[in-house]
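Asks: After the C-alpha cells below, expect a handful of questions from me.
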Amino acid sequence: MISSKDTVKDALLKAKSKKVYIEGNFVKLLSDTTDDDVRLYLDECKRRDQTNRKKRLAVTKQIQKQNKELEEAAVVNKALLTDLENKMEELETSKKEAEGLRDEALNDLEVMQKKTQFELISIIVKLALGVIAGVGILTTVLYLYILSSGLDSKIIETTWSNLFGILLTNSFSIVGTIMGVKYATEKD
C-alpha cells in the first residue's frame, strides 16, 4: 500500500494540471485518507478506471463480434468462390461444346458448298459439251447432206473445218476454266 502523502499529492497535481489519472490495479494500492482532496481524487481515479474498463470491454466485445462476422463472411465467400469456380468450369465446358458444334456446322456447310459447286460444274460441263456436240453433229449432217446432194462444198469444207477447230478449242477452254475455278477455291 502506498501511503505517502507526497506521492498522492503529486498525483493530484498531475491530475489537475495535465488531466492524467491513476488507473488499473495501482488504484487499489492507494490507501484511504482523511484529506478530502485526496479522497475525491481517489474516487475520481476509481470512477475513471471503471469507465475505462467498461469502454475496453465494449471494444473487446465489438471486436469479437466483428471477428465472428468476418469468419462467417469468409465461410460464405469461400462457398461463393467454390460455386463461382464450378460455374466457370460449366461455362468453359459449354463453350468447348459450342465451338465443337460450330466447327461441325462449318464443315457441313463447306461440304454442302463443295457438293453444290461440283453439281453446278457438272451441269455446266454437260451443257457445254452438249452444245458443242450438237453443233458438231448439225454441221456434220449439213456437210454430209451437201456432199450427198452434189452441191458445191468448198465453202462448207472450210467452214466445217474451222467450226470443229473452234468447238474443240472452246470445249477445252470451258473445261479448263471450270477446273481452274474448282482448284482455286479449294483450301489446300
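Asks: Need the list of aspartates and glutamates near residue 19 for cross-linking: C-alpha distance under 12 angstrom, and skip anything on the same chain fewer than eight residues off.
Replies: Cα-Cα hits under 12 Å: 44.
Asks: Set the Förster radius R0 to 35 Å, insert the Cβ-Cβ distance between residue 64 and residue 13 as r into 1/(1 + (r/R0)^6), and round the FRET efficiency to 0.05.
Replies: 0.35
Asks: Still on this model: Could you work out Rg/(2.2 N^0.38 Å) for the chain, with Rg from alpha carbons only?
Replies: After normalising by residue count via 2.2 N^0.38 Å, the value is 3.46.
Asks: Note the full-extension length gain between residue 54 and residue 158 as 0.36 nm times their separation in residues minus their Cα-Cα distance, in nm to one decimal.
Replies: My answer for the length gained is 24.7 nm.
Asks: How many nm is it between the label spots at residue 131 and residue 80, if each spot is 7 Å from the Cα in line with the beta carbon?
Replies: Label at residue 131, label at residue 80, 7.3 nm between them.
Taken together, the values in this text are just the output of simple stated rules run on the coordinates, not laboratory data. This one's a predicted model, so the numbers in the text were calculated from it and none came from an experiment. All Cβ positions, glycine included, derive from the backbone under ideal geometry; neighbour counts span all protein chains shown.
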